[in-house]
Structures are given as structure tokens and as C-alpha cells.
Amino acid sequence: MPIRMTDVSRSFGDVLAVDRVTMTVPQGALLGLIGPSGSGKTTLIRMLTGTLLPTSGEIRVLGRAPHEFPRTTREVIGYVPQDFVLYPDLTASENVGFVASLFGMFWWRRRRRVREVLQLLGLWDVRHRRAKELSGGMRRRLEVACGLVHEPVLLFLDEPTAGVDPLLSRDMWEEFRRLRSTRTLLVTTQSVEEAELCDHVAVLHRGRVVALDTPDALRHSIWGGEVIEVTTERPVEAEAFRGVAGITQLRQTGPRRVLLVAEDAGAAAPRIVEAARAQNSGVASIDPYRPSFSDVLAAIVERADREEPTDEAAA
Amino acid sequence: MISLAKSLTRITAIIRKELRELARRPGAIVSLMVGPLLVVALFGAGFSGQRRAIDTIVVVPADSGLPFEMGNYRDVGGEALRVKDVTADAAGAQESLRRGEARVLVTLPKDLRARFERGEQATLLIEWNEMDPVQAGIAQATAVAFTQELNRQLLRSAASSLGIESVSVGSPGVRIPAEVIASPLRLETRNNAAARPSFMSFFAPAVLALVLQHLAITLTALSMIRERTSGAMDLFRVSPVHAVELLVGKYLAYGLLTLVIAASLVALLGGALGVPFVGERLGFARIILLLTFASLGLGLLISLVADSERQAVQLAMLVLLAAMFFSGFVLPIDEFREPVRSLAFAMPVTYGVALFQDAMLRGGGGTPQWYEPALLAIGAVLFLLAAGRLRATMRATA
């Protein structure tokens, strides 16, 4: 496991930024860390990259405690910080070349890799342009290029698509997904759509990881089964399906539409048709329903708040 | 009217914003106000306004018949000269003058009595090794005063030994002119400095030293502050780069830049302003590198205590102000009291001014031998301090 965190906490004075986080990231995974601003994402990344010590708990990254990384380990870690930290007066290729040199790449390999990453991120044509003359999206891509240039096996990206237009953001995520074939990526984001593109999603809320799984599994876990949308031929009350074996939740979404959560949708379908008939209606269709991931995340956060309310909420 | 009111609203908003920003950076205000006050206070407390007595060696030729006891000459120099040695070794005394151990050398005539008795003036040779036109003028005036006093004492001595009524002090039949009786000694002065620069030529190397120190300090301080405030330090902390590698890279880059600037300035000073350069170029390059090394360290020190570019610039300006007052650029360091005089030697530019003037105008060898090692030591201490601090910064934050 490239990343293993056990009961890790980090405080800044009285503020608990990260609270008892335990998680592992498997080799070749693309883990999305999602949460609102101030939820502890950057603090977590800084602890994993060795720039911040945890207050308690144990972190192992590539088998070592991050603050004790030897040079050989640092050489295979990539980091794209949240803020623009490149040199505005250097050109795009000079910036990438500088970072490649910091990671000890010799010029022949550096030359080839600078070209490769600039082409990969669509910056080759502006390679001679100074960083300060690039657009916001180009700068962000330039930073990602700097993070990738030394071919790290483990890459930390702190909100890499913040301020990037949606089309470009989609391209960058395609690239992240392609990269996971050879490396492990941990990406923080505030975008629900982006989180859904990850192999695994960790939901951070008030410094705690309140859910960690694949996007589909998270969906399943929050609804407790498969969600199906039933469309009847005549208006039927959702309550008509209460008591149908295998149905755990129901919600009316229209006069002829009902959302049902079934433990096994296939097995429940005949019983749903039967219940509709009992209400003098036929069933026009039964379709699997894919709730939006933002609904899923909202539900996860609500559940976390119910299980452990904030001080204000408790008051 | 509404437009004017809106304009006033905007202006007052800007005023409030600026004042709030300033109030929230007390460090900047303190360095802005207290710094210059401190420099002026140090100047007031440390500057005596009195010239220190000039260290003088008196050479008495062995067969001159003149006394060797220091007490005979101590009063002659008055407050202006301090006779530190009386010797017959003329060559040794010349070497002391060359090395700067004494600033004035008085060589008494070996045939004073014989010449006097022949009715002739004997020659009193007073030498100094001073490039500074101001100091050379002071030495000249002091030499005249010294000769007058010596003549007076000789007359007094003659009067007491021969009797005031007697006028025949020479060989029989020799008439002693009134001029010889009034001044048995004729002053001859000599400035042994390799160059007699004009005021502009003399101060040009000092300005060069000041410029190089200020350049090195400002460039390094700003560069390091930018690394810190831009977040690049986070990248360094994650990457395999070591604090010493970072420092060496910066030192070499700015060292090279300063060397190029210094070479260009020296060429400009010589070509456009006619400032002479009589020294050895390699030795001069070594002094530039030493001054740059120490100044870069001072810049790093500033970057470690400043929290913003603005504060770094303020501190760099304060160092420049202190350098102007205390480095010997305008006022001789000798005219400061302790401990301000010693504090002056904590600044790289103090050595830079002396070494540059010596190397460019005199050809070297005219400053104390410990100046270059001292500059190297200051640079090394500052480098170690900066490396230690940077290593701590790059370690994981607890």
C-alpha cells in the first residue's frame, strides 16, 4: 500500500484540522479527496508529503514516515500545490525544467521529459512564453506538468483543476485516469463531478473521513440498496408500495412516478407490478435510477452530522 | 456633487485600507521608525568628532648625536601625533609605514649640529602613506606644526645650553642667518602613497563597495523572501533538494552576477571617469568575491527576520544607511568611540571600502593582513547561520 494512515490527527492550537483519519490507498489507485473548504484536505496532503507533522497517529507513505523521507523516496513523489508557486519570469519550459532538475533529472532525460509533459498538457506551443503571460488554466496545467515531469510513482495534486474551465478540466481528469495505470494518485477536489471520476472517494467533513469507497459503493451505501424508478399508467400513491417485500425506502417524485430502494431490484420487480395492480394501475416502466453524486455526498454529510453532531447543532 | 462625494468615499476607503494594512504590520513600522533612529543614535553616541592622534615613528640616525629616549619627542607631537616608537632602523620604520602600522614617519637629520654650526638648515623628513586627500591634507598640516614645535624646542635647548646673550653659536667666523636661528630644521614632506587620487577617484572604490554590498543584500533577501511567500518553499520541502544545495545555488548565481556587475563598474569608472586601477586584477576579483560572499550572508540574514518584501527592502536600506555612516566611507572609523568602532567591523563593507581603495589605487598591501580573513570569517558565520535556519524551515512543521 503506497499510503497508510492510522488514527492520524492534526491540530493547530485549539482547532482540530484532521481528526482520527484512518485510510489506505492501494497501488495504482486514483483516490479523490473531496470536501468543502476547511475540511482538512490540504492539511492531510501536507502531512502525507512530509511538510507537516501529525499531532498523533501514524503515517506511512511508500513504507516510510513522510518527515523521514530519504532523497530516493522524494525523487519518486510528485506534488502539485494548491497555490501557483512557479516562477512568473521563467518560461513554461524553463519552469518545468527547473522542477525536473530539483528532482535530480539529468539534461538528456530532462529535455525529453519536458517536451513530453508540455505536449501532454497542451503547452508545447506556449513553451517559450513566460509563466506570468499564461492564462489561469495554462498556469494550472503548467503546475501539473511540473508535478509529472520526473515521472513520480506517487502523485499528490491539491485541487489541480481549481480555476480551470470545464472542458480543460475534463481533459486533465482523463489524463489523471490514464496515469493511474502506472502510478498512484491522490487528488483533492471540491467538485462532485470530478470525485465521481476517481476509483475511490474519501469524503472529508470537519477533518474526518466520513466515507471512503468507490463512487458506486458510496451510492449503494447511502441508499442501502438499488434505486429504481417506477412509472405507473395511472396515478398511484407511493405508500401503495410500502410493505412490498425487499423494498426498504420509497419516495414520490410525481403523480405517476415513485422512487424505490430495493435490496434486489430484479427480485422485487414482479412484486412491484402486483402492488400497482392492486391500486388499479399497470406499470409502464421500471428503470434503474442513478441518483446524482452530489445527492449522495450531501446524504453522506447529513448522515455524519446525525451520527456526530457539531457543538452548535447539539446546542 | 454626488460624483465628488463618491470620489471622496473611494479615497477615504483607500486611506483606511492603507492605514489598516500598516497597523497590522507593526514590524514594518518599527523597522521604519526605530531603525533610522537607532543608526542616528549610534552615530551620536559613537562619533567623537575628534581626530585620534596619528601613530608616528621617529627615526633618529645612529650617529646624529640626538637622543633616543621617547620622552624627548612625546611632547613635540602635541595631541595630533602619538610617538609610538623611536628607532635608528630606517628600513624597518618604512616597512611599518607601508603596512599601515604607523601613519607618519619622522626622520631626523643626522647632521643637525654640523649644519647649524655651518649656518645651514638641516632637513627634517616627514612621510606618510595616505591616499585619502582629506587625510593627506591633515598629515601635511600636522607635519608643519610638528616642525615648528621641534624648532622651538631646539632653540630653547640651544638657549639654555649656550646662554641667551651669546649669538656666536657656529664655527668661528661663521655667521648664522636669522632664518637658521629661527628654524634650524627645514621641513621636507613626502607622501609615499602609490597614487594621489582626486577626491572622486578616492571615493569611487568606496562607492563601488557600497553598491556591491547593497546589491548582494537586496537581491538575496528579496529572492529568499519570494521563495517563502510564494509557496515555492513547499515545493523545495517535498523535493529532494537540500538546504545547502539551495544556498550554494543562490550564492553562486548572485556571486557571478555581482562579479560581472563589479567588472562592468570598474571598467566604467576607469573608462568614463578616469579612476585609476593600479592593482592586480585577480586579487581584486578575490576581494569582490569575499565581499559578495559576506554580503549575501547578510542578505540571507535579513530574509530570515523579515516577513515581507517590503520589510526586507526597509532593512536593506537601513544597512545601507549604517554603511554610509560607519564603514569609513565618509568619516574615518578612528573617529568613532568603542564599541561603535568595533561594530563597524561587523559590516562587510567596512573591509570592502578599505580593500577596494587599497587594491584599486595603491596596488594592494596597504591594509592590515587580517582584513581578508575577517571578511571570509563573517561570510562563513553568516552562511552557517543561514544554512541552519533554512534547514529548520525546510523540515516538517511540528
Point to revise | Net lengthening on full extension, B:ASP89/B:LEU273 (0.36 nm per residue, minus Cα-Cα) | key: 62.1 nm
Review point. Roughly what angle does helix A:265-277 make with the longest principal axis of chain A, taking Cα atoms, 0 to 90 degrees, to the nearest 10?
Key: 40
Review point. Mind checking Rg over Rh on the range A:1-59, alpha carbons, Kirkwood formula for Rh?
Key: 0.95
Review point. Counting only other chains, what is the mean number of Cβ atoms within 10 angstrom of the Cβ of each residue in peptide B:226-237?
Key: 5
Practice item. Place a +1 charge on the Cβ of each Lys and Arg in chain A and a -1 charge on the Cβ of each Asp and Glu, then give the dipole magnitude about the Cα centre in debye, rounded to the nearest 20. Key: 1320
Check your understanding: With axes computed from alpha carbons, what is the tilt in degrees of helix A:92-102 against the longest principal axis of chain A, rounded to the nearest 10 within 0 to 90?
Key -> 80
**Study point:** 222 nm mean residue ellipticity, helices alone, for the protein assembly as shown (DSSP H n ≥ 4; -39,500 (n - 2.57); rounded to 500)
**Key:** -16000 deg cm²/dmol
Exercise for review: May I ask you to work out the translational diffusion coefficient for the range B:334-378 at 37 °C, viscosity 0.692 mPa s, via Stokes-Einstein with Rh from the Kirkwood sum over Cα pairs, reported in whole µm²/s?
Suggested key: 296
Review point. Suppose every K and R has +1 on its Cβ and every D and E has -1 on its Cβ; what is the size of the dipole of the range A:230-303 about the Cα centre, in Debye to the nearest 20?
Key: 140
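Pairwise over distinct Cα atoms, reciprocal of the mean inverse distance: report the Kirkwood radius of the range A:1-120 in Å, one decimal place.
16.3
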Exercise for review: Using Cα pairs closer than 8 Å and at least 6 residues apart in sequence, work out the relative contact order for the range A:218-292, in percent.
Suggested key: 42
Exercise for review: Among A:ALA278, A:LEU218, A:PRO288, pick out the residue whose Cα is farthest towards the positive end of the charge dipole of the range A:211-315, where Lys and Arg carry +1 and Asp and Glu carry -1 on C-beta, about the Cα centre.
Suggested key: A:ALA278
Check your understanding: Considering the dipole of the range B:243-398 built from charges on the beta carbon (Lys and Arg +1, Asp and Glu -1) around the Cα centre, which of B:VAL248, B:PRO339, B:GLY352 is farthest to its positive end?
Key -> B:VAL248
Practice item. With all distinct Cα pairs included, what does the Kirkwood hydrodynamic radius of the range A:65-129 come out to in Å, to one decimal, could you say? Key: 13.0
Exercise for review: Would you mind checking the tilt of helix A:107-120 against the longest principal axis of the Cα atoms of chain A, expressed as 0 to 90 degrees and rounded to 10?
Suggested key: 30
Practice item. Give, in whole angstrom and from largest to smallest, the semi-axes √(5λ) of the equivalent ellipsoid of the range A:161-208, with λ running over the eigenvalues of the Cα gyration tensor. Key: 19, 15, 8
Exercise for review: For the protein assembly as shown, just run the numbers: alpha carbon Rg, then divide by 2.2 N^0.38 Å, N being how many residues it has.
Suggested key: 1.57
Review point. Charges only on Cβ, +1 for Lys and Arg, -1 for Asp and Glu: so what's the dipole of the range B:229-373 about the Cα centre, in debye to the nearest 20?
Key: 140
Point to revise | Translational diffusion coefficient (Stokes-Einstein; Kirkwood radius from C-alpha pairs) of the range A:240-315 at 25 °C, 0.890 mPa s, in µm²/s | key: 168
Point to revise | Percent of Cα pairs exceeding the 18 Å cut-off, where the set is the range B:84-156 | key: 47
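Under 8 Å for C-alpha pairs, at least 6 residues apart: give me the relative contact order for chain A, rounded to a whole percent.
The value is 18 percent.
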Study note, to complete from the structure: Correct semi-axes for chain A, from √(5λ) of the alpha-carbon gyration tensor and rounded to whole Å with the largest first, are 45, 24, 16
Point to revise | Restricting the range B:218-298 to GluC sites (Glu not before Pro) in coil, as DSSP defines it, with at most 15 other Cβ within 10 Å | key: B:GLU280
Review point. What FRET efficiency comes out for the pair B:ALA377/B:THR123, r = Cβ-Cβ distance, R0 = 56 Å, nearest 0.05?
Key: 0.80
Check your understanding: If you keep only loop residues by DSSP, which chymotrypsin sites (Phe, Trp or Tyr not before Pro) in the range B:311-388 have at most 12 other Cβ atoms within 10 Å of their Cβ?
Key -> B:TRP370
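For a distance above 27 Å, tell me the whole-number percent of Cα pairs in the range A:173-315 that qualify.
Details: 3963 of 10153 pairs.
Every Cα pair in the range A:173-315 considered, those over 27 Å come to 39 percent.
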Point to revise | Stokes-Einstein translational diffusion, the range B:246-398 - Kirkwood Rh over all Cα pairs, 0.692 mPa s, 37 °C, in µm²/s | key: 196
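Throughout, read-outs are computed from the coordinates displayed, never taken from laboratory work. Note that the structure is a prediction, hence the values are computed from the model and not measured. Note that each Cβ is placed from the backbone with ideal geometry, even for glycine, and that neighbours are counted across all protein chains shown.
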